[in-house]
Amino acid sequence: MIFNRHAKVVMEEGYMRLSIEYTNPASRAIIFNTIGAIEEKTKIHPEVFHRKISDDKGAFSVEFSGEEYVCTRTAGEFIEMVLKELNIEKCDFED
């Protein structure tokens, strides 16, 4: 298994975040490269954070804030592209 194919989306007023955890080092590169490719393709550059949990595990957060992203469909479209490219079918949602 490359990674657990699970993500979480959090939405608040003026803010949206996609979190993707990975369970092995190879997944880190796949997720990182996918986010970078979609940034290049869309010319959208959200804040991206990487958090190391252990030598094998970690998480990426892709965050959007401000009217330029959250008041349009841009953030949602970016997140959908990431999920589709990574073949993540399960996504928890919080608002």
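The values are calculated or read from the model by the stated rules, or taken from the named source; none is laboratory data. It should be emphasised that the depicted structure is a prediction, and the values quoted were computed from it without experimental measurement. Note: ideal-geometry Cβ built from the backbone for every residue, glycine included; neighbour counts use all protein chains shown.
In this structure, F60 does not qualify as among the hydrophobic types (A, V, I, L, M, F, W, C), surrounded by fewer than 17 Cβ atoms within 10 Å (Cβ to Cβ) and either over 17 Å from V10 (Cβ atoms) or modelled with pLDDT of 90 or more (or both).
Among the conditions (1) in a strand (DSSP E or B); (2) touching a residue at least 40 places away in the same chain (Cβ under 8 Å), R51 misses just one, which is (2). Take the conditions (1) surrounded by fewer than 18 Cβ atoms within 10 Å (Cβ to Cβ); (2) modelled with pLDDT of 95 or more; I38 misses just one of them, which is (1).
Look at (1) among the charged types (D, E, K, R); (2) surrounded by 16 or more Cβ atoms within 10 Å (Cβ to Cβ); (3) within 11 Å of the chain's Cα centre (by Cα) and you find that E47 fails only one, number (2). For A75, are the conditions met, namely being assigned to a helix (DSSP H, G or I), without any contact (Cβ under 8 Å) to a residue 60 or more places away in the chain, touching a helix residue (DSSP H, G or I) at 6+ places or on another chain (Cβ under 9 Å) and crowded, with 19+ Cβ neighbours inside 10 Å? For A75, the condition - assigned to a helix (DSSP H, G or I), without any contact (Cβ under 8 Å) to a residue 60 or more places away in the chain, touching a helix residue (DSSP H, G or I) at 6+ places or on another chain (Cβ under 9 Å) and crowded, with 19+ Cβ neighbours inside 10 Å - is met. Taking every residue in segment 54-69 that is closer than 13 Å to N24 by Cα and pairing it with any residue that is among the aromatic types (F, W, Y), at least 6 positions away or on another chain, the pairs with Cβ-Cβ distances below 6 Å are G58/Y22.
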